[in-house]
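Computed from the coordinates by the stated procedures, all read-outs in this text should not be read as laboratory data. Since this is a predicted model, take the numbers as computed values, not measurements. Counting neighbours? That spans all protein chains shown, and the Cβs are built from the backbone with ideal geometry, glycine included.
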Amino acid sequence: MTKKPGYIIVLTLLVISLSIGLVTAIVRQVFSYQRQARFSFDKGRVRMLSLSSIEIALSQLSLVLAKEAEQKPQGPPAKSPPAQGATGEKKDNYQQWATKVLPYLNRWQTFDLEGNNGLEGSIRIYIASEQGKISLAYLENSLDQEKKMQEEEQKAAPVQPGPQRPGPQRAPPQPLERKDPLSFIDQLVSNEKEVSIKNALKDFRNQFKRSPDDPSELLRIRGFEKFKDSLFLNTEITDRSFALMDLFTLGFFDSKINPFLLSRSVKKLLGFTESKDSKALAKGVKSSMNWFLDWDKIFEPVYGKKYAALDPVLKVMLATTFAVTSFSVVSYCKIGNVTQKIYALIEVTQPDEEFSPKSLIFKVSRIYWL
């Protein structure tokens with residue numbers, strides 16, 4: 001009996017092992033490709049869903065009023081009835097807007113899309129008014145005024161007299177302590193976060209030779225990096241959060257705070273209580289306000305502070321006219337395991353001709369993908 005070499009068995013086992021490894025690698029690549037394809041598909045859909053969530057905010061903020069029919073004069077003019085707005089039969093357009101919109105402001109809204117045309121996901125949006133935040137431009141105006149007054153004081157400083165006879169010396173007059181809006185807000189922010197917004201604005205000007213284009217640029221200043229994790233409001237935080245973009249806005253140098261539209265972070269900073277009674281606020285909305293007479297009736301039951309208890313600087317910072325110009329929207333959209341965050345700024349725009357000029361229509365002015 002002749003002995004045959006056993007390399008056939010070894011070669012067969014080697015081929016089988018290579019085949020198994022090759023098949024395993026192919027199957028692994030197929031599953032990996034499927035996951036990547038699914039992730040890319042969900043990522044595209046969730047980005048489109050994020051843009052759609054801004055449309056929800058636009059529909060909630062807008063007040064569309066029908067255009068009044070033009071009446072041509074025929075014959076002697078009839079005696080016009082008393083104005084309905086004065087008797088309360090018809091609300092002012094701002095009051096109509098406040099009745100509709102205030103229940104949506106400063107609250108997380110959740111929309112589940114399960115089984116909606118095969119799309120399963122969720123939308124969470126948070127709407128806040130830019131008029132209810134503190135304007136950085138307004139604070140910088142205080143900084144400019146302070147610098148201007150210091151320069152005037154230096155120019156008006158008396159010339160040092162020559163040597164005089166020895167006698168009782170008087171202490172030099174101490175400069176009066178000024179309390180401007182910037183110093184007032186700086187003290188409140190320092191108590192909360194142990195950072196100085198006043199020094200941050202000065203350092204930003206000195207370092208970049210300009211004003212910040214956005215409140216988030218303050219993160220580039222030392223000390224404000226602690227706001228990195230609280231730049232925007234988080235859906236997982238249910239208490240009265242303190243976020244940088246919810247506290248400050250870019251605004252203009254004359255932008256004052258509308259107390260009807262205070263953001264959640266501003267309420268916390270000013271020590272106001274959080275109230276969900278939006279109907280009480282909407283009833284008090286008027287085009288022009290006298291806070292000395294109106295504050296206690298409208299805001300003392302809601303915010304828990306009388307007008308006499310407010311800081312004199314805060315009284316100066318309150319807007320006396322009701323106006324709505326811009327809002328911010330934070331949106332968290334999720335499809336499958338993919339989450340997309342978006343931040344958008346919305347501004348009021350001119351209504352179309354088919355609508356009443358008293359309508360309040362908004363458009364998207366800026367979008368940040370987070």
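Couplings 3J(HN,Hα) of the stretch 359-370, computed from phi: 5, 10, 10, 10, 9, 7, 10, 7, 10, 10, 8, 9 Hz, in residue order, whole Hz [Karplus 6.51 cos²θ - 1.76 cosθ + 1.60, θ = phi - 60°; x for Gly and Pro].
Ordering 56, 257 from the fewest to the most neighbouring beta carbons within 10 Å gives 56, 257. The order of 255, 129, 359, 287, going from fewest to most other C-beta atoms within 10 Å of their C-beta, is 287, 359, 255, 129.
The string of couplings for the stretch 43-57 from the Karplus curve (6.51, -1.76, 1.60, θ = phi - 60°) is 5, x, 5, 6, 5, 5, 5, 5, 5, 5, 5, 5, 5, 4, 5 Hz, one whole number per residue in order, with x for Gly and Pro. Whole-Hz Karplus values for the stretch 310-318 come out as 6, 5, x, 5, 5, 4, 5, 7, 7 Hz, taken residue by residue from phi with 6.51 cos²θ - 1.76 cosθ + 1.60 and θ = phi - 60°; glycine and proline positions read x.
Between residue 51 and residue 353, the C-beta separation translates, for a Förster distance of 35 Å, into a calculated FRET efficiency of about 0.85.
For the stretch 228-370, what class follows from the C-alpha gyration tensor (a ≥ b ≥ c being the square roots of its eigenvalues): rounded when a/c is under 1.5, otherwise prolate if a/b is larger than b/c, else oblate? Because a/c hits 1.5 or more and a/b fails to exceed b/c, the stretch 228-370 counts as oblate. With both labels modelled 7 Å from their Cα along Cα-to-Cβ, the residue 315 to residue 109 distance reads 3.7 nm. Highest-first packing order for the peptide set 187-198, 324-335 is 324-335, 187-198, based on the mean count of other beta carbon atoms within 10 Å. Close amide-amide hydrogen proximity is noted between residue 231 and 244, each under 5 Å apart and 5 or more residues distant or on a separate chain (H modeled in the peptide plane; Pro and chain starts excluded). In plain terms, the residue of 361, 9 with the fewest other Cβ atoms within 10 Å comes first and the most crowded comes last, giving 9, 361.
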